[in-house]
Amino acid sequence: MAVAIEQAWQGCPDGEPSTGGLLRSLRVRDLVLVDEAEVRFGPGLNLLTGETGSGKTLIVDALGLALGAAGSVDQVRRGGRRALAEASFDTSDGERVLGREIGRRSVARLDGAMVGVRELAEEARRRVSIHGQHDQHTLLDPVTQAALLDRHAGAVDVQRRVAEAHAGWTAAEERLQGLRRLQARGDRETAYLRWQLEEICAADPQPGEDESLRQERSAVRHAARLSELSEAALSGLRDDGIAAAAGSVRQAAGLDARLEELAARLEALEEEAVEAAADLRRYAELIDSDPERLERIESRLATLEQLQRKYGGSLESVLEERHKLEIQLGEAEDVSAGLEGAERAVEEARRGLERAAAALTRLRRKGATDLGRAVSSELRGLRLEEARFEVGLLPRLEIAANGAEEIEMCFSANPGEPCAALARVASGGELSRVMLAIETVAARSNHTPTLVFDEVDTGIGGETAFEVGRRLKTLGDSHQVLVVTHLAQIACFADHHLVVEKAMGADGRRVVRVRELTTLDERAAELARMMSGPVTEKALARARELMEQAGR
């Protein structure tokens, strides 16, 4: 039984963000507790609420699945064969559909065409950014902190150049060290390498040769039986039973047109049988029972297996070893000249790496000051008036692929206390607000159209929750925002309020349902339930007061 949220998709008024590229709908089928549902979203702030355990996060999980997150056959609803999660987006060129099917064999699709999950996820990253409780903990990771700073500082491209320069320098250094080791081994080692190469070249193995020979060996060993079976099959195919049946049914079709399709099928089967007989006849003629051929195959396989035991266990590893030996011996012919060139290459690559890293450091220093100031300002609006947020750059002993320094985001909730690493000082509620503050600041340069927050209200309440709601509403002015929350102080800001509920399905099992609250009375009742459980007149009055306050 499908549940659709019927909601007109209208463009924003002048001065508000365009809906181009925004998430239009999410279609889910046979996923965990969802039998079938279609959820429609709108511009601005979309709120998902519902009782604990109702399945709110399941909707976000389904969206993540459609966008390329890992899936498992365990997510398929009991009794279903395959689970489906499909997200539809508005674009300037029309509709764009990203989806996944999960079963014994999982499939990723982009506009109906099968693609790799990596390609699907890459397309999704340009459209949606999902933040859950897990992301609050990844915010403590130095790599994540560096990525946030680089994005804010406009240094993403420069950081990429540092990574490329670091890879080039590392490769040049490895080649140099390899040449030095080769020089140290001397002529004796070179002679041994040459003997290995000559052994492989004398055998001259070909890709896939061993598997082909094993198949031929089996055919030669069983040549007599294969001839017998082929002749038996040919004898059966020579029987004109299929032709006779096709002729009879064709005559009957002249009397009864309903047999026309069956006559065509039998005629096609007759043609297929003739072709199969020809193929089988050619195969029978090629069967070779020559004992000398079997002996040659066994000898060749023994040679290949000996090489495989020496050089990695497979024919592919033997061929790879031959390639390596050719390179090593080519370099060994003029190690001195090779060393000079390799040393120059290392020096040049190192200078390029240092220039790129210095440029990244300059951008990071400026960005760290700006980000610290901007996030601290946002935290004051989130009832952390005395909080300070700083971004530190800790120099590394050696330049790494992501720069010459580690990034450390620091926080102090109270005046007089020094800033310390987020991981040591921030509580769950403070971490939620820090993440929201960073996202609010980042939104000014974040071009991802849709932002999703799952349980952003962890550890907060009261006026703080109201301020979080106001920030999310502000984000909705420049982005489409989807939020899962259990706090009425946040839900009262919704542009589109969706309720997730559990209901009894047609088969007597509990299923997840989603509906949109389209009237003020419906919204007030849901806010009242969120605040107090039972929907009393007092709770309704407080809910209406919250909505009026949010509207102001």
- Message: Give all pairs with beta carbons closer than 8 Å in which a residue from the stretch 211-234 that is farther than 16 Å from Leu294 by Cα meets a residue that is surrounded by 13 or more Cβ atoms within 10 Å (Cβ to Cβ) and not aliphatic (A, V, I, L, M); count only pairs at least 6 apart in sequence or on separate chains.
- Response: Ser227/Ser289; Ser230/Tyr283; Leu234/Arg281
- Query: Taking the stretch 74-110 only, how many residues are touching a Ser or Thr at 6+ places or on another chain (Cβ under 8 Å) and not in a strand (DSSP E or B)?
  - Reply: 0
- Which number in (1) assigned to a strand (DSSP E or B); (2) out of contact with any helix residue (DSSP H, G or I) (no Cβ under 9 Å at 6 or more places or on another chain); (3) under 30 Å from Arg365 (Cα atoms); (4) of a type outside the set (D, E, K, R) marks the one condition that Ile130 misses? (2)
- Message: Being over 20 Å from Cys201 (Cβ atoms), in contact (Cβ under 8 Å) with a residue 40 or more places away in the chain, of a type outside the set (Phe, Trp, Tyr) and in a helix (DSSP H, G or I) is true for just one of Glu347, Glu292, Glu343, Glu316. Which residue is that?
- Response: Glu343
- Query: Can you tell me which of Glu16, Glu36 is in contact with a Lys or Arg (Cβ under 8 Å, 6 or more places away or on another chain), open to solvent by 10 Å² or more (accessible area, probe 1.4 Å) and either closer than 21 Å to Ala83 by Cα or at pLDDT below 90 (or both)?
  - Reply: Glu36
- Task: Please tell me if Ser248 is within 28 Å of His323 (Cβ to Cβ) and open to solvent by 60 Å² or more (accessible area, probe 1.4 Å).
- Result: no
- Query: From the residues in the stretch 251-284 that are closer than 30 Å to Ala219 by Cα and basic (Lys, Arg), which one is most open to solvent (accessible area, probe 1.4 Å)?
  - Reply: Arg282
- Residue in the stretch 401-418 that is modelled with the lowest pLDDT, counting only those that are part of a strand (DSSP E or B) and within 16 Å of Thr144 (Cβ to Cβ): Phe411
- Query: From the residues in the stretch 377-400 that are part of a helix (DSSP H, G or I) and free of Cβ contacts under 8 Å to residues at least 40 places away in the same chain, which one is least open to solvent (accessible area, probe 1.4 Å)?
  - Reply: Ser377
- Item | Enumeration of residues in the stretch 159-216 that are of a type in the set (Ser, Thr, Tyr) and either under 21 Å from Ser317 (Cα atoms) or open to solvent by 60 Å² or more (accessible area, probe 1.4 Å) (or both) | Thr190, Tyr192, Ser212
- Message: Please verify whether Gly132 is surrounded by fewer than 16 Cβ atoms within 10 Å (Cβ to Cβ), in contact with a strand residue (DSSP E or B) (Cβ under 9 Å, 6 or more places away or on another chain) and modelled with pLDDT under 90, treating the condition exactly as stated.
- Response: no
- By residue number, the members of the stretch 499-552 that are over 41 Å from the mean Cα position of the chain (by Cα) and either over 22 Å from Leu45 (Cβ atoms) or open to solvent by less than 40 Å² (accessible area, probe 1.4 Å) (or both) are Pro534, Val535, Thr536, Glu537, Lys538, Ala539, Leu540, Ala541
- Wholly within the stretch 465-530, which strands (runs of 3 or more DSSP E) include no fewer than the required count, namely at least 2 residues that are out of contact with any Asp or Glu (no Cβ under 8 Å at 6 or more places or on another chain) and over 18 Å from Ala550 (Cβ atoms)? 496-504
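The values are calculated or read from the model by the stated rules, or taken from the named source; none is laboratory data. These numbers were taken from a predicted model, which means no experiment stands behind them. Every residue, glycine as well, gets a Cβ built from its backbone with ideal geometry; the counts of neighbours run over all protein chains shown. Protein only, heavy atoms only, side chains kept; ligands, DNA and RNA dropped before computing areas. Shrake-Rupley method; radii C 1.70, N 1.55, O 1.52, S 1.80 Å.
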